[in-house]
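Peer 1: Handing you this structure, nothing more for now.
The values are calculated or read from the model by the stated rules, or taken from the named source; none is laboratory data. Bear in mind that the values here come from a model prediction, so they are computed numbers and not experimental data. Cβ coordinates were reconstructed from backbone atoms using ideal geometry, including for glycine residues, and neighbour counts include every protein chain displayed. Accessible surface areas use protein heavy atoms only, side chains included; no ligands, DNA or RNA. Shrake-Rupley method; radii C 1.70, N 1.55, O 1.52, S 1.80 Å.
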Amino acid sequence: MKINEIYPANKELTPEEIWLLTSDSSAVPIKKTVEIETIEIETAVFYDDVSEKTGEVKEILSILGKDGRVYATNSPYFIRDFRKMVELFTQMNKPLERVAVVRGVSSKTGHNFITCSVAPLTD
């Protein structure tokens, strides 16, 4: 397992955080969390995971939420849009504090997919 990026970039992870974000079995797959609409971000990592069965490498985004839960996905759509938001917020010197989980169905294939968007501020 190789960590590719950490968000926020200046965050130094503890060994416990690295374990939770990359190896802990309690991580919640984002695509299976129907009740989750918004994730409050404590930190996040992008890392490569190698399948023990096939040897295939998949990029994983793992988010440690402010609720103490870890949310993970290998959805290329979610990862792409999360990375775009991180880049935009970083350029504007603002922290990306929360993301909205967006669920959809492909008009071409009929498959369910997830991505993310900027979550509106709440009072």
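Peer 1: I want to check a number: in the chain, how many lysine pairs have alpha carbons closer than 25 Å, given a sequence separation of 8 or more or different chains?
Peer 2: Counting lysine pairs in the chain gives 27.
Peer 1: Let me ask something else about it. Label ASP67 and SER117 with points 7 Å out from Cα along Cα→Cβ: what is the distance between them in nm?
Peer 2: 2.0 nm
Peer 1: Rounded to the nearest 0.05, what FRET efficiency is calculated for THR14 and GLU37 with R0 set to 25 Å and r the Cβ-Cβ distance?
Peer 2: Values: r = 29 Å, r/R0 = 1.14.
It comes out at approximately 0.30.
Peer 1: Loop only per DSSP, at most 13 neighbouring Cβ atoms within 10 Å: give me the trypsin sites (Lys or Arg not before Pro) in region 92-123, ordered by residue number. Could you put the intermediate results ahead of the total?
Peer 2: Details: sites: ARG98, ARG103, LYS108; in loops: LYS108.
Filter output for region 92-123: LYS108.
Peer 1: What accessible area per residue, rounded to a whole number of Å², is obtained for the chain using a probe radius of 1.4 Å?
Peer 2: For the chain, the per-residue accessible area is 65 Å².
Peer 1: Using 0.36 nm times the number of residues separating GLU87 and ASN4, minus their current alpha carbon distance, what extension gain do you get?
Peer 2: Stretched out fully, the GLU87 to ASN4 stretch lengthens by 28.4 nm.
Peer 1: Further, regarding this structure: Would you mind calculating the relative contact order of region 1-80 from Cα pairs under 8 angstrom and at least 6 residues apart, reporting the percent as a whole number?
Peer 2: Contact order relative to length: 33 percent.
Peer 1: Computed from the coordinates I sent, Rg/Rh (Cα atoms, Kirkwood Rh) equals one of (1) 1.11; (2) 0.96; (3) 1.19. Tell me the label.
Peer 2: Entry (2).
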